[in-house]
Amino acid sequence: MLSFNLEYLRDNFSLTIEPTQLPLLCGVFGPSGVGKTTLLRVLAGLEPPRNGDIFFASQTWFNRNTNLSSHQRPLAFVTQGSYLFPHLSVKQNIQLSSRINAADLDYLLKLFDLEPLLDKKADQLSGGQAQRVALVRALATKPKLLLLDEPLSAIDRGSATKLLKGLKAWLIKHNIASLMVSHNPEDLIFFSDKVLLVELNKTCELGDSLQLINRFNDQHKQTLVLKVALAERKADLGWRWFKFGEQHLLAESANDLSEDTHLVGFKPSNIVIAKSFVENCSAQNQWLAKVLAITVTELSCLIEVELEGLTFSVPISPSAQQALSLQVNQSVYLLHKAVKLHNQF
Amino acid sequence: MKAEPVTIAVAANFKTTVEALAKDYQLTNTQFTYRISSASTGILYNQIKHGAPFDLFFSADDLRPQQLVNEQHAIKQKPYAVGQLVFWAPQFTDQNGEFVKGEALWNKWSEPFAYANPELAPYGAAAQQLVSEINASQKIILANNVSQVYQFIVTGNVKAGFVARSIKTDLDGSFWIVPKNRHPAVTQNIALLTNTSQAVDFYHYLSSSAAHSIIKENGYLLP
Amino acid sequence: MTDAEIQAIVLSIKLASLSCFILLLVGTPLAWWLARSERKIKHVIEAIVALPIVLPPTVLGFYLLISFAPNSIMGQWWLTLTGSQLAFSFSGLVFASCLYSLPFVVQPIQSAFKQIEPGVLDAAKVLRMPRWKQLLAVELPLAKNGFIVAMVLGFAHTLGEFGVVLMIGGNIPGETQVIAIALFDHVESLNFAAAHRLALVLLGFSFVALLLTYTFSASKKRVGSIGVKF
């Protein structure tokens with residue numbers, strides 16, 4: 001599969017990727033402007049790296065002596081801003097570079113709901129429609145590697161989840177390697193267990209999606225993601241109980257969930273810490289966690305906790321720490337209102 | 001007090017001769033100053049008709065000055081020079097490697113040649129007479145004027161053509177100076193457009209023997 | 001209209017069509033290269049291509065007259081190749097027109113190529129389309145308006161060509177006596193009625209050509225101003 005070892009320059013900072021062999025499907029995550037798109041462009045042959053090698057399967061795409069043109073690399077690249085051919089219809093856009101048989105094409109058209117759009121001129125489509133066409137156009141070229149750059153950004157969340165599911169199934173079925181850049185942690189975690197974390201002036205890191213994304217998001221005060229499963233426990237209409245590890249979680253959700261595994265997001269700053277289980281409290285989510293470290297300054301206090309293998313920092317006020325006098329290794333309860341369930345996978 | 005310069009409009013082919021004449025005239029008339037404006041006869045004629053501030057007009061033909069007098073744009077006019085037509089083939093030699101002089105050159109010429117457009121140029125009209133006498137089967141190139149015929153020949157694009165003797169006074173190679181009875185005369189007339197005294201004096205100077213010898217030196221016959 | 005005038009008009013149209021056709025073949029790859037290349041030498045070529053816009057036709061005519069001479073390298077080459085000489089021939093005029101109208105064909109095509117969204121070009125590359133297909137199916141169709149403008153301007157400009165033809169044409173009816181030369185003859189010999197007829201033909205044609213140019217330039221906002229850079 002794809003492996004590379006790259007150094008490239010982008011707006012005067014360099015990005016280094018050590019020899020990496022990627023899994024079949026892999027997410028790409030990192031802050032804005034760090035060069036994620038450039039990484040895909042380099043892999044696609046649209047820009048040369050400053051240094052490095054790119055291999056795919058047993059083929060050399062780039063090294064000191066080789067630089068295959070984009071069209072010689074068996075890949076397809078769905079760029080941000082779909083860039084359909086504006087002079088052609090949707091159908092012609094797809095057919096122009098199509099290599100798949102009619103049955104497969106029909107399947108893709110149905111999957112991405114493109115049949116009603118086939119005769120439209122490409123420049124008459126909405127952003128979301130164009131993204132769907134761009135995805136099918138790319139898949140129809142029978143690529144061995146599919147590069148995706150925010151492919152679902154203009155599609156509403158409900159449809160995006162459904163499309164991503166269909167896309168993932170197709171990629172696995174046809175053994176197509178894929179790298180997807182996204183800002184959406186839930187999409188990335190669903191897409192693959194592995195994610196490539198790209199950070200400014202750091203060597204890229206390949207690791208477990210959930211872990212890496214949560215670590216990064218904790219550092220950047222962003223939403224953390226929990227992978228949860230439906231629980232038997234009964235809840236009111238419009239609410240559901242889920243399980244993660246030994247803990248339970250209450251989420252606002254439709255009752256007819258078709259899948260077992262789900263992702264929910266929460267922000268550590270919304271968490272309240274209690275030393276013991278709180279009776280008669282509106283916060284339904286009370287999770288048992290362990291204090292790993294305490295950082296106190298004059299202005300703030302950060303309590304680093306571990307919750308079912310997930311480590312993150314909860315900010316509390318210095319006076320609250322004075323009242324609670326939390327200790328390292330102490331068990332505490334984390335209180336959170338019911339979370340909103342966005343995605344179901 | 002210095003007088004206003006005399007403004008002389010001159011057909012391009014006669015420009016250098018006018019300069020020689022004016023310089024010679026200045027030797028004896030030190031007060032005489034002048035400006036020269038040169039273009040094709042047709043253009044100058046049109047400019048004069050539309051009020052161009054010229055004092056004298058050296059035309060390359062005899063028609064336009066006459067018309068200016070008739071139209072009362074000129075006071076009077078007279079011939080000042082007669083052009084000599086030359087059939088010139090600078091590179092041509094006969095089977096002995098000798099340059100050919102005289103009518104024989106024209107009689108045996110079978111290759112393309114150029115002459116000035118007879119509609120536009122007096123030398124063209126003159127050459128037209130000779131061209132119409134033969135049944136030319138070769139390519140004939142019409143130049144805009146005799147200067148262009150000369151250009152075509154010296155750049156080697158055409159091997160022969162009818163030029164004015166005045167363009168090349170030191171003829172070389174093969175040539176035939178066409179006798180004046182063989183073609184309509186290329187008479188060049190001058191028109192006096194204003195009666196400023198210096199212009200009138202210069203107009204009269206053209207009939208002097210000094211002027212005549214300069215005109216002859218420059219490859220023209222006298223009227 | 002006299003036979004001679006009709007002959008001049010027909011000759012002009014023949015000259016303009018043939019020149020346009022040749023310029024399309026030569027100018028398209030040149031325009032493409034100028035639009036895509038990032039090499040410094042490009043600016044030198046761009047400047048050379050644009051020269052006929054700023055040079056007086058007499059400069060081009062003068063150099064052509066010298067290089068057409070049978071004893072010059074080019075004149076000799078043409079003579080051995082075809083057995084006829086370039087000056088005072090229709091072929092010579094076609095050659096001169098191609099040089100003279102080159103910027104009017106190359107520049108609109110070049111700017112049309114340049115105005116294609118880079119993302120669209122990238123899309124063609126990363127969909128495994130071979131080079132020829134990227135060019136034929138994506139680039140050429142997207143530059144269509146540039147080609148129309150180039151054809152109209154190239155044709156009109158050749159039709160109105162005067163200075164160069166005057167210097168190298170030799171005013172031969174049916175061979176080099178084009179409409180502008182015939183018009184010049186009429187004006188010079190004070191035949192104003194005939195001059196008016198030919199002038200009207202040129203005026204009308206040029207107006208229609210420019211009208212078409214501006215219509216096509218404006219028809220697509222994204223394509224923008226595809227005119228010639230003056």
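No lab work stands behind these numbers, since they all come straight from the coordinates. In this text the structure is predicted, and so the values were computed from the model without any measurement. As a convention, Cβ positions derive from the backbone with ideal geometry for all residues, glycine included, and neighbour counts pool all protein chains shown.
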In the range A:233-293, the GluC sites (Glu not before Pro) that sit in a DSSP loop and have at most 10 other Cβ atoms within 10 Å of their own Cβ are A:GLU246, A:GLU279
For the range C:193-204, in residue order, the Karplus 3J(HN,Hα) values (coefficients 6.51, -1.76, 1.60; θ = phi - 60°; whole Hz; Gly and Pro = x) are 4, 5, 4, 4, 4, 5, 4, 5, 4, 5, 4, x
Kirkwood Rh over alpha-carbon pairs of the protein assembly as shown plugged into Stokes-Einstein at 37 °C, 0.692 mPa s gives a D in µm²/s of 95 µm²/s
Taking every DSSP bridge whose two residues both lie in chain A, the antiparallel percent to the nearest 5 is 75 percent
In whole angstrom, the spacing between the Cα centers of the range B:37-105 and the range A:163-221 equals 90 Å
Each label sits 7 Å from Cα toward the beta-carbon; between C:TRP77 and B:GLU133 the label points are separated, in nm, by 4.4 nm
Cβ density ranking, 10 Å radius, fewest first, applied to A:TRP170, C:TRP132, B:TRP88 yields C:TRP132, A:TRP170, B:TRP88
Cα gyration tensor of chain A diagonalised, 5x eigenvalues square-rooted, in angstrom largest first, produces semi-axes 41, 26, 16
Extension length gain for A:LYS275 and A:THR223 (0.36 nm per residue less Cα distance), in nm, is 16.3 nm
For C:SER17, placing the label point 7 angstrom along Cα-to-beta-carbon and taking the range C:184-217, residues whose amide nitrogen sits under 12 Å are none
Chain C: longest segment with zero exposed trypsin sites (Lys or Arg not before Pro), where exposed means DSSP loop plus at most 13 other C-beta atoms within 10 Å, is residues C:41-220
With R₀ set to 56 angstrom, the calculated FRET efficiency between the beta-carbons of B:GLU19 and C:ILE41, to the nearest 0.05, is 0.75
Across the range A:224-344, qualifying lysine pairs (alpha carbons under 12 Å, at least 8 places apart or different chains) come out at 4
At the level of C-alpha centres, the distance separating the range B:132-198 and the range C:74-114, in angstrom, is 31 Å
Taking Cα atoms only, helix C:73-82 is inclined relative to the longest principal axis of chain C by an angle, in degrees rounded to 10, of 80 degrees
Quick calc: nm separation of the 7 Å Cα→Cβ label points for C:LEU51 and A:SER3 -> 5.6 nm
Rounded to the nearest Å, the spacing of the alpha-carbon centers of the range A:84-103 and the range C:13-34 is 32 Å
The set of residues whose placed amide H lies less than 5 Å from the amide H of B:VAL178, leaving out same-chain residues fewer than 5 positions away, is B:LEU85, B:VAL86, B:PHE87
The answer for the net charge of residues other than A:LEU111 whose Cβ lies under 14 angstrom from its Cβ, with Lys and Arg +1 and Asp and Glu -1, is +3
Kirkwood calc, the range A:21-120, C-alpha pairs only, radius in angstrom 16.2 Å
Full extension between A:LEU237 and A:ASP119 adds, at 0.36 nm per residue less the Cα distance, a length in nm of 38.1 nm
If N is the residue count of chain B, its Cα Rg over 2.2 N^0.38 Å rounds to 1.09
The answer for trypsin sites (Lys or Arg not before Pro) in the range A:240-345 that fall in a DSSP coil and have at most 13 neighbouring Cβ atoms within 10 Å is A:LYS275
Rh (Kirkwood, all Cα-Cα pairs) for the range A:224-344, Å, reads 15.2 Å
Nearest-0.05 FRET efficiency for B:ASN107 and C:GLU117 at R0 = 60 Å, using Cβ-Cβ distance, is 0.25
Quick P(r) readout (the range C:129-203; Cα-Cα; 10 Å bins; whole %) gives 17, 32, 20, 15, 12, 4, 0
Scaled by the rule-of-thumb 2.2 N^0.38 Å, the alpha carbon Rg for the range B:85-177 gives a ratio of 0.97
On the formula 1/(1 + (r/R0)^6), with r taken between the Cβ atoms of C:ASP3 and C:SER91 and R0 of 35 Å, the FRET efficiency rounded to 0.05 is 0.90
Normalised Cα Rg of the range C:3-219, dividing by 2.2 N^0.38 Å with N its residue count, works out at 1.14
The helix B:15-28 Cα axis meets the longest alpha-carbon principal axis of chain B at an angle in degrees, between 0 and 90 and rounded to 10, of 40 degrees
Whole-Hz Karplus couplings 3J(HN,Hα) for the range B:128-144, θ = phi - 60° and coefficients 6.51, -1.76, 1.60, Gly and Pro as x, run 3, 3, 5, 5, 6, 6, 10, 9, 5, 9, 7, 6, 10, 9, 8, 8, 6
Under 12 Å by backbone N from the virtual spin label 7 Å along Cα-to-Cβ at B:THR93, the residues of the range B:162-180 are B:173-174
The simple spin-label model distance between A:ARG157 and C:THR215, using points 7 Å out along Cα→Cβ, in nm, is 5.2 nm
Treating only Lys and Arg (+1) and Asp and Glu (-1) as charged, each at its beta carbon, one finds that the range C:3-219 has a dipole about its Cα centre, in Debye to the nearest 20, of 1000 debye
